[in-house]
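These notes concern the structure reproduced below.
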Amino acid sequence: MNSLYVIGIGQGKEDLTARQLDIINNADVLVGGKRLLQLFAPHKAETLVIDRQIDRVISKIKEKMVTRQVVVLASGDPLFYGIGATLLTHIDKKHIHISSNISCVAAGFAAIKEPWHDARIISLHGKTTDGFSFAGLAGENKVAFLTSPKKDPGFIARNLIRENVSGFLFCVLENIGYTQNQKITWYHCYADVMADTFSYPNMVILLRDKKIPTDVSHETYQGMDDDQFQHAKGLITKSEIRSISLSRLKLVRKDHVLWDIGSGSGSVSIEAALAIPGGSVFAIEKNRQRTQDIIHNIKKFRCTNIQVVPQNFPDEAHTLPLPDRIFVGGGGKNLDTVLEAACDCLAENGIIVINTVLIQNMERAFTILENRQFSPAMAQVQVSRSQAMPFGTRLESLNPVWIISGTKPKL
């Protein structure tokens, strides 16, 4: 079997090296999108157009590799959301040679003269946006979108408006690398983007507008002081307990779905939402006054990936997305019902964390998780805080809290 050469074109034919051009010119079969194949027309090689029937294209490539020299043309860098990654899943990598080139993101940021090592990159091709939350962009400073014909700049602007994500300068870059048709347009208003039309290919870059002050006048961090949150009668998961509880939730992915049952002031929801900007938090609280506190805190910290659910759990739980993390900060006398329902709803390998100050609820929570083979673990946390006295400092203890956690086993 002959080797398969995958060559990134960069932003145009002029970005290719002499060696890359030589490989392309000597190909028996040239594979690529219509636009890339036209760059080398006429060519003595047989051509194969990459279309939506990618499995058919890969089958043809493998068939022709047996006796002929096949070269695949890729736009930009083949391994940056490109055909290279797909080919590596279907063809043994020992048969593939990949030549990288300038990616469209690198070229785009170069065109607007901005560094991009700290940018979040999002592809809107295919199914890559399944489960993606535009609300999660609220905490970003720099974002680049690789668009598609259906998910274009207008699509991005429309979703930013819908999710109330503000504070970005919106830049559309059309035909980057094609000197005659290259166009860069900046927008201060998302609605103006929706009113325009754009040539394809294009990409979008969002830059945080430094002239617009943030609504949060302080830095956010895990275990923020209790007085940073609006709450009633001390009904808040205390800072130290909050930090330990969040560590037990193991929010290791940016796209977790978390249910905060008995959310109270929403302090756990807020800090969890800041840790999972691409995920979703559902703050479930039946008390109307407390839901107003949650809404106030959401606005203060600009956590647009939190949804308040003013229900008595488990009412309407079936309408919510499947959670892979659940925090139970309230349950009271109905803790058995709450935990049984929560355990049923939790995804496989999902984690549940329960906080309680009652000895009876500690025993019930641990037993329920044990009976369900959640391999429960428990920590009893006693916190004392310093209090000033006329001639020194004393320690004032808070109520001890039991933190029970477990992982749902695979069926």
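Things worth noting here:
- The residue pairs whose first member lies in segment 141-168 and is over 18 Å from residue 278 (Cβ atoms), whose second member is of a type in the set (Phe, Trp, Tyr) and outside any loop (DSSP other than H, G, I, E, B), and whose beta carbons are closer than 7 Å, counting only pairs six or more residues apart or on different chains, are 157/170; 157/190; 161/190.
- Only one of 35, 52 that is at pLDDT below 90, of a type in the set (D, E, K, R) and within 23 Å of residue 144 (Cβ to Cβ): 35
- Applying a threshold of 7 Å to beta carbon distances and a minimum spacing of six or more residues, or different chains, the list of pairs starting in segment 188-205 at a residue that is not assigned by TED's automatic domain parsing to the domain that holds residue 110 and of a type outside the set (A, V, I, L, M, F, W, C) and ending at one that is at pLDDT 95 or above and loosely packed, with under 11 Cβ neighbours inside 10 Å is empty.
- Neighbours by Cβ (under 7 Å, 6+ apart or cross-chain): first from segment 247-259, in contact (Cβ under 8 Å) with a residue 40 or more places away in the chain; second loosely packed, with under 15 Cβ neighbours inside 10 Å: 255/131; 257/321; 257/322
- Test result for residue 395, in contact with a Ser or Thr (Cβ under 6 Å, 6 or more places away or on another chain) and either assigned to a strand (DSSP E or B) or in contact (Cβ under 8 Å) with a residue 24 or more places away in the chain (or both): yes
- All conditions in (1) under 19 Å from residue 14 (Cβ atoms); (2) among the small types (Gly, Ala, Ser); (3) modelled with pLDDT under 90 hold for residue 74, with the sole exception of (3).
- Subset tally (residues that are under 26 Å from residue 177 (Cβ atoms) and either assigned by TED's automatic domain parsing to the domain that holds residue 148 or charged (D, E, K, R) (or both)) for segment 45-87: 3
- Extreme residue, modelled with the highest pLDDT, among residues of segment 255-275 that are hydrophobic (A, V, I, L, M, F, W, C) and surrounded by fewer than 24 Cβ atoms within 10 Å (Cβ to Cβ): 257
- Residue in segment 63-78 that is touching a residue at least 24 places away in the same chain (Cβ under 8 Å) and in a helix (DSSP H, G or I) present: yes
- Just one of the listed residues (75, 59) is in contact with a Pro (Cβ under 8 Å, 6 or more places away or on another chain) and either within 30 Å of residue 186 (Cβ to Cβ) or exposed (fewer than 15 other Cβ atoms within 10 Å of the Cβ) (or both), and it is 75.
- Qualifying residues in segment 163-183 (those that are surrounded by 14 or more Cβ atoms within 10 Å (Cβ to Cβ) and in a strand (DSSP E or B)) - the one nearest to the chain's Cα centre (by Cα): 168
- Subset tally (residues that are charged (D, E, K, R), at negative phi and in contact (Cβ under 8 Å) with a residue 12 or more places away in the chain) for segment 287-324: 6
- Those residues of segment 168-184 which are at pLDDT 85 or above and out of contact with any Pro (no Cβ under 9 Å at 6 or more places or on another chain), in sequence order: 168, 169, 171, 173, 182, 183, 184
- For segment 161-204, filtering for residues that are over 27 Å from residue 302 (Cα atoms) and touching a Lys or Arg at 6+ places or on another chain (Cβ under 7 Å) leaves 2.
- Options 315, 293: the member that is among the acidic types (Asp, Glu) and buried (at least 20 other Cβ atoms within 10 Å of the Cβ): 293
- Number of the exception - residue 57 against (1) part of a loop (DSSP other than H, G, I, E, B); (2) over 28 Å from residue 255 (Cβ atoms); (3) of a type in the set (A, V, I, L, M): (1)
- Some residue of segment 132-143 being more than 29 Å from the chain's Cα centre (by Cα) and either modelled with pLDDT of 90 or more or assigned by TED's automatic domain parsing to the domain that holds residue 15 (or both): no
- Residue 366 being assigned by TED's automatic domain parsing to the domain that holds residue 321, of a type in the set (Phe, Trp, Tyr), more than 22 Å from residue 263 (Cβ to Cβ) and surrounded by 11 or more Cβ atoms within 10 Å (Cβ to Cβ): yes
The values are calculated or read from the model by the stated rules, or taken from the named source; none is laboratory data. A quick note: this is a predicted structure, and the numbers were derived from the prediction, not measured. When we count neighbours, we look across all protein chains shown, and the Cβ atoms used for this are built from the backbone with ideal geometry, even at glycine.
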